[in-house]
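The values are calculated or read from the model by the stated rules, or taken from the named source; none is laboratory data. The structure presented is a predicted model; accordingly, all values stated were derived computationally and were not measured. Here the Cβ is made from the backbone with ideal geometry for all residues, glycine too, and neighbour counts use every protein chain on show. For accessibility, only protein heavy atoms count, side chains too; no ligands or nucleic acids. Shrake-Rupley method; radii C 1.70, N 1.55, O 1.52, S 1.80 Å.
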2 protein chains.
Amino acid sequence: MHEHADEHIIERLLTDNEQLASHNREHFDALGCFVINLMSAPGAGKTSLIAQTAPALKETLDLTVIEGDMVGDLDVQRLKEAQIKAFQISTGRSCHLDAAMVARLLHSKEMPTSDLVFIENVGNLVCPAEFPLGEHRRVVLLSVTEGDDKPLKYPVIFRNCDVVILTKCDLMPYVEFDKERLKRAIRGLNPEAKLFEISAKTGFGMDEWLDWIRTQCSVFQADRKKHRSEAFMNL
Amino acid sequence: MHEHADEHIIERLLTDNEQLASHNREHFDALGCFVINLMSAPGAGKTSLIAQTAPALKETLDLTVIEGDMVGDLDVQRLKEAQIKAFQISTGRSCHLDAAMVARLLHSKEMPTSDLVFIENVGNLVCPAEFPLGEHRRVVLLSVTEGDDKPLKYPVIFRNCDVVILTKCDLMPYVEFDKERLKRAIRGLNPEAKLFEISAKTGFGMDEWLDWIRTQCSVFQADRKKHRSEAFMNL
């Protein structure tokens, strides 16, 4: 976000984005795709988390990944090598994905339908927080090497999320990180947020995260079924 | 940067910013302040580097720090506790400092003159690259925990800098990081960039960084003296 752009231009951008995000959400609902927007600073481990999550879910959930990067397709290549369906969005100069970029991909018909879609946002703790994409849940990753003060310095993204994942917990013995301070900061901003502690490298904490995803997807599918049957009853 | 803002608005923003950055640079030159813009992802260790650098320089160079954060003044408090002069700029929703924010601080007369000014930008590898502030040198920090692929994913900031500092090198034994891959990527984007490897925690590599700062400040002061004496001769 730029301070010196006219305020009304920024407001128009955000309003347009919210409308398009609602449109994307209707698309995803109609397709039966449960969508998670993964946000973090660069290098917090979003791609590693996806690469560890996908094989554990593949028996029960079909997964597609949308990768947002300024340039290149390093992450898409990495995921494809691991047999994960992945689609690139190049954001160019933009420091975040926006709903229009996701809408273009949705309308291109390239993207297959799947039970679960991970959108890996551009590595940035500021602007992705203000640009919903049509997702059902928002997950913020924070690695233990980034420091326990980050929610206090980047409050918007931690306030507007459903889950915080503390990543790279295998490095905890080698860094100064006060987990209680982190928890207090998150509780102060967002008491409803769930906190998972994970190491994608060692597998530590992965089960709770996988259980959460499975539950969210089941509830989503049950709700869809209920709405469809209600709509049928009202015909 | 927002993809869906009109292109001409973005260009106007960047042009206005460059003009103000030149104005800031003239201010800093007139005051004899050598200014370094420190940029990185959140949690790469900018404040730790400053906190370790300041005591080592204090016999010879007077230092002021300008801290850019969305909200709060955690880093300013931390630096003040370490007896370092520090001034806060709160960027609000903005994901980067811009030249106008720095100009306001310069014009407020609050800021003392000093030999060396560190500007600690908002943690972000995208937009700070496009908003010069009037600095003499641009330094990008990358921690070993963020991964060796970052220059390829965030090329603009690595292309437009004078120095890359690889931070948290004490964690190198515990992460997968291919230093040769990093060096190749930096050389490909920016062959002139210097690379320092540092651990602010252990002190590893600090001497080379301190020597570089001292040399840069000496050359800056010698140039000023030469220009003043040339101006005098031309009277």
Of B:T60, B:T15, the only residue that is open to solvent by 10 Å² or more (accessible area, probe 1.4 Å) and in contact (Cβ under 8 Å) with a residue 60 or more places away in the chain is B:T60
Of the listed residues (A:G147, A:G203), the one being surrounded by 13 or more Cβ atoms within 10 Å (Cβ to Cβ), more than 18 Å from the chain's Cα centre (by Cα) and at positive phi is A:G147
Residues within the stretch B:80-97 that are assigned to a loop (DSSP other than H, G, I, E, B), crowded, with 17+ Cβ neighbours inside 10 Å and within 11 Å of chain A (Cβ to nearest Cβ), tallied
5
For B:A129, indicate whether it is farther than 16 Å from B:L31 by Cα and of a type in the set (A, V, I, L, M, F, W, C).
yes
Quick check on my filter: what residues within the stretch B:209-230 are open to solvent by 60 Å² or more (accessible area, probe 1.4 Å), in contact (Cβ under 8 Å) with a residue 24 or more places away in the chain and closer than 25 Å to B:L166 by Cα?
B:R214
Checking the condition away from chain A (no Cβ under 14 Å), of a type in the set (S, T, Y) and part of a helix (DSSP H, G or I), which residue from B:T47, B:T64, B:T53 passes?
B:T53
Which residue pairs have Cβ atoms under 8 Å apart, sit 6 or more places apart or on different chains, and have a first residue in the stretch B:143-154 that is more than 7 Å from chain A (Cβ to nearest Cβ) and among the β-branched types (V, I, T) and a second that is surrounded by fewer than 24 Cβ atoms within 10 Å (Cβ to Cβ) and in a loop (DSSP other than H, G, I, E, B)?
B:V144/B:V175; B:V144/B:F177
